[in-house]
Structure formats: structure tokens, C-alpha cells
1. If you check LEU242 against the conditions, is it farther than 26 Å from ARG305 by Cβ and hydrophobic (A, V, I, L, M, F, W, C)?
2. For the structure I just gave you, tell me whether VAL261 is within 16 Å of the ligand (Cβ to nearest atom), of a type in the set (Val, Ile, Thr) and either closer than 30 Å to SER15 by Cβ or out of contact with any Asp or Glu (no Cβ under 6 Å at 6 or more places or on another chain) (or both).
3. Which of the residues that make up the range 236-249 are in contact with a helix residue (DSSP H, G or I) (Cβ under 7 Å, 6 or more places away or on another chain) and either closer than 16 Å to ARG267 by Cβ or loosely packed, with under 13 Cβ neighbours inside 10 Å (or both)?
4. Is the range 317-329 home to any residue that is near the ligand (Cβ under 10 Å from one of its atoms), out of contact with any Gly (no Cβ under 6 Å at 6 or more places or on another chain) and assigned to a strand (DSSP E or B)?
5. Before we move on, is SER75 of a type in the set (Ser, Thr, Tyr) and at pLDDT 95 or above?
6. Check ARG52, ARG72, ARG42, ARG66 and return the single one that is under 17 Å from GLY286 (Cα atoms) and basic (Lys, Arg).
7. List every residue pair whose Cβ atoms lie under 8 Å apart, where the two residues are 6 or more positions apart in sequence or sit on different chains, the first residue falls within the range 322-341 and is among the basic types (Lys, Arg), and the second residue, located anywhere, is within 10 Å of the ligand (Cβ to nearest atom).
8. Would you pick out the residues in the range 1-38 that are at pLDDT below 95, assigned to a helix (DSSP H, G or I) and either out of contact with any helix residue (DSSP H, G or I) (no Cβ under 9 Å at 6 or more places or on another chain) or among the aliphatic types (A, V, I, L, M) (or both)?
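The values are calculated or read from the model by the stated rules, or taken from the named source; none is laboratory data. What you are looking at is a predicted structure, and each value in this text was computed from that prediction instead of being measured. Glycine also receives a Cβ, built like all others from the backbone with ideal geometry; neighbour counts cover every protein chain displayed.
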Amino acid sequence: MSPVSFIDEPVYGWSAGRKRPWLLEQLNQLTRNHLERCTDYRRLMDSVEGGRHAQTLADLYPLSVRLFKQNRLLSIDDDEVFRVLTSSGTTSQQVSRIYLDRETAALQSKALVKIMQPWLGRQRLPMLIIDHPGVITERSSFSARGAGIQGMMVFGRRPVYALNADLSPNWGAIDEFVESHRGQPILLFGFTFMVWQLLQALNEEGRSLALHDGVLVHSGGWKKLQDQAVDNATFKARSQHLFGVDRVHNFYGMVEQVGSVFVECERGHLHTPLFADLLIRDAQTGNLKPNGETGIIEVLSVLPRSYPGHVLLTEDRGRILGEDDCACGRMGKYFEVLGRVPRAEVRGCSDTVEPSKAEEY
Ligand SMILES: [Zn+2]
């Protein structure tokens with residue numbers, strides 16, 4: 001198989017027996033490429049045992065996502081940088097920077113299309129974006145939210161923004177959108193907290209939108225919602241009630257691995273697509289956790305070519321619910337995310353790959 005012909009394979013069609021050896025080969029190849037091209041990655045890997053040629057997926061050495069906040073990790077020349085993605089963060093030390101070349105950016109877009117098509121269909125749908133227009137036009141640095149919206153825009157047509165710059169609802173735009181697409185399939189997209197705020201506003205105003213035949217796709221952290229004691233079931237019920245949509249799909253993804261997203265199925269489970277996988281590690285020992293047990297989420301993706309982000313230890317907790325046997329019929333692992341890892345636990349698990357330590361060698 002040529003390096004990227006996997007993009008045309010069924011996204012949820014490979015069972016573990018076929019997927020694992022292929023994925024391992026792809027990821028080992030990426031490790032070799034990044035070792036060759038990224039000095040800082042090489043230095044980090046020199047300071048740890050193993051990880052250079054893994055025999056199993058669990059042997060691949062994960063970089064902590066925090067390293068992308070502290071280091072400029074890229075496997076391309078500066079003049080090949082096509083786009084820099086940044087995560088949200090309040091100070092510059094808290095912002096991840098992900099360097100994309102044209103190849104990786106294109107691969108990410110293609111993968112996202114392949115992953116979303118089974119849920120959204122092939123036709124571009126009229127799209128209501130639950131955000132404000134400035135989120136993608138403020139281009140000085142491309143924010144994660146802007147990149148996410150930009151990525152989803154390929155599934156929509158004639159996008160309308162539901163919010164004003166101050167994040168208040170733009171009722172005029174919303175009403176016009178609802179009116180002109182009555183009875184048609186439409187796509188709503190937004191970051192989970194933004195969507196929740198709009199739901200709150202609808203609730204306060206005693207309004208509801210008759211967006212029947214619509215699908216809501218949302219993503220982003222649950223932290224702010226957990227603070228308000230809102231869980232996925234409540235969120236979904238409220239969305240169906242106030243937007244009128246039939247289907248609601250959350251997805252899990254991160255700026256460090258744009259394109260390989262994990263979409264929630266009809267049974268409420270997040271699914272691994274062909275291009276990505278997920279492992280759960282014990283916060284203290286780093287050992288793999290069996291299915292059903294909670295630990296730190298590690299994400300694997302074959303998409304990152306321009307930066308060493310193919311094997312990453314996140315700061316999220318979760319557990320794998322099963323593999324190849326979800327009641328929805330899709331192959332692959334299915335899992336749930338259970339919030340952020342407490343600070344102290346993150347440190348315990350990934351201090352071995354701190355660059356400061358690597359520098360000492
Ligand atoms: Zn499922």
C-alpha cells in the first residue's frame with residue numbers, strides 16, 4: 001500500500017486483526033521519519049529506553065502533549081511550514097504550536113472528510129455555525145477553534161454564523177437560517193461550550209428552533225460544562241428539544257492531531273477511525289490498562305507527517321468500552337472520555353520525557 005492510500009479504505013471497516021499490524025508499521029515508519037528530521041524529537045527519544053522500533057502499539061513511546069507547549073517540534077524546514085495551529089491557552093507558555101506542511105494539512109482535511117462522511121453524507125448541507133465570524137478571520141495565529149470550524153466547513157454550504165462578536169446570539173441570522181431551510185437537512189456545528197451557551201439563551205428567551213432533519217456536530221472540552229454539572233445525556237436532550245435536531249454527535253479530537261477525530265455513534269460511544277487508535281495508560285506506572293478501566297488517554301494517528309505528533313499522551317482521562325463489537329456495527333475501539341487528568345497525575349506519568357532532562361544527556 002502506498003503511504004497514503006489508506007485514506008480510501010473504509011473508516012470503520014477494519015477489525016483489530018487487520019488494523020493493528022498495519023497501524024504498527026505506519027507508526028514505526030513515522031517514528032523513523034521524525035527521528036531523522038526532528039532534532040528535538042531525536043534528543044527526547046535518546047533519553048528514554050525503547051520506542052524506536054516498537055513490537056506492539058503499546059511499545060511506541062508517547063510524547064506528552066505538553067511538550068508542544070514548551071518546544072518547537074517540527075520535522076520540516078522552516079520554509080515548508082504552511083500553517084501553524086495553536087491551542088487555546090491564557091498565556092503563551094500554555095499554547096501548543098503545531099507546524100503543518102502542505103502534505104500534512106491536506107492529509108488532515110482528507111481524513112476528516114472520510115471520517116465525517118458516514119455521519120453526514122456526501123452532500124454539503126446548509127450550515128449554521130455556532131460561533132462568530134471573527135473566529136476564522138483573525139488569522140494572525142490560527143486558533144484551534146478557527147481551525148476546527150474551517151475543517152468542518154467542507155461539509156456545509158452557505159455557512160451562517162449564529163453568534164455576534166460578543167458571543168451573544170445573532171437572532172436575526174438564526175431566524176433567517178431556520179426560515180429559509182425549513183424541512184431540509186441541515187448541519188449545525190460548534191464547540192460544545194458555545195453550543196451550550198446558545199441553548200441557555202434559547203431557554204431563557206423561551207424559544208426553540210424547528211431545525212428538524214438537522215444534525216448537530218459538536219466538539220471541545222467538557223470542563224466548563226462539568227463545572228455546571230451538565231453531562232452528555234443532558235446536553236443531547238436539550239439540543240434535541242431546543243434545536244429540534246434528530247441527531248447529535250459529539251467528537252473527541254485535539255489540535256495536536258487535527259483530522260483524526262473520534263465521533264460518537266448512535267449508542268453514545270466514541271469510535272476510533274482507521275487512521276487512529278487509542279490506548280489507556282495507568283497514571284502512575286504508565287502501564288496499559290485493560291478495557292473497562294479508567295486511565296490516561298494516549299492517542300495514535302498516522303496523519304502527523306510534519307511534526308512528531310503520531311503518538312501522544314493526552315491530559316484526558318477515559319476508558320475503552322470495547323473493540324469491534326459496538327452495537328452500532330462499526331469496527332474499531334469504542335470509548336468514553338471522563339474529563340481532565342489532575343495536574344499531579346500528569347506529571348507523574350510523563351516527566352521522563354521532559355526536554356530539560358533530555359538536555360542533560
Ligand atoms: Zn458504536
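1. Criteria met by LEU242.
2. yes
3. VAL248, HIS249
4. Taking every residue of the range 317-329 in turn, at least one turns out to be near the ligand (Cβ under 10 Å from one of its atoms), out of contact with any Gly (no Cβ under 6 Å at 6 or more places or on another chain) and assigned to a strand (DSSP E or B).
5. yes
6. Details: ARG52 fails: under 17 Å from GLY286 (Cα atoms); ARG72 fails: under 17 Å from GLY286 (Cα atoms); ARG42 fails: under 17 Å from GLY286 (Cα atoms).
Just a single option satisfies the conditions, and that option is ARG66.
7. Sorted first by the residue in the range 322-341, then by its partner, the pairs are ARG330/TYR12; ARG330/CYS265; ARG330/HIS271; LYS333/HIS271; LYS333/GLY322.
8. Of everything in the range 1-38, those that are at pLDDT below 95, assigned to a helix (DSSP H, G or I) and either out of contact with any helix residue (DSSP H, G or I) (no Cβ under 9 Å at 6 or more places or on another chain) or among the aliphatic types (A, V, I, L, M) (or both) turn out to be SER5, ILE7.
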